[in-house]
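Just below is one structure, and these are the notes that go with it.
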Ligand code: SF4
């Protein structure tokens, strides 16, 4: 099926506006606090090296938000949105018990 020029332009405009919206949403997202009740329950920390391994035995050395499937930050960024916390910014070097290894 051929895509008409008009449909192509509409599609391109929606993709562009979605990207802009996402960038704006990302810039305005609040930073997740370790004291947030959900963060506390899931053992979120801004530094994966400080995870209490006795309390959170799922944690394995090397796991960080940056290599979690749910992390939506750009590669190399210090933080990025996480859907587990409604899109709040989590530290790339952080970790929580909802960690899912990126495949
Ligand atoms: Fe980090 Fe993943 Fe937990 Fe989100 S779900 S805080 S990205 S470890």
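The values are calculated or read from the model by the stated rules, or taken from the named source; none is laboratory data. Given the structure is predicted, the values throughout are model-derived calculations rather than measurements. Positions of Cβ are generated from backbone atoms using ideal geometry, with glycine treated the same way; all protein chains shown enter the neighbour counts.
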### Query
Taking segment 64-89 on its own, how many of its residues are touching a strand residue (DSSP E or B) at 6+ places or on another chain (Cβ under 6 Å) and either modelled with pLDDT under 95 or within 7 Å of the ligand (Cβ to nearest atom) (or both)?
3
#### Entry: Total residues in segment 30-63, condition near the ligand (Cβ under 10 Å from one of its atoms) and in a strand (DSSP E or B)
1
### Task
Return a yes/no flag: does segment 6-28 have any residue that is at pLDDT 95 or above and within 16 Å of the ligand (Cβ to nearest atom).
no
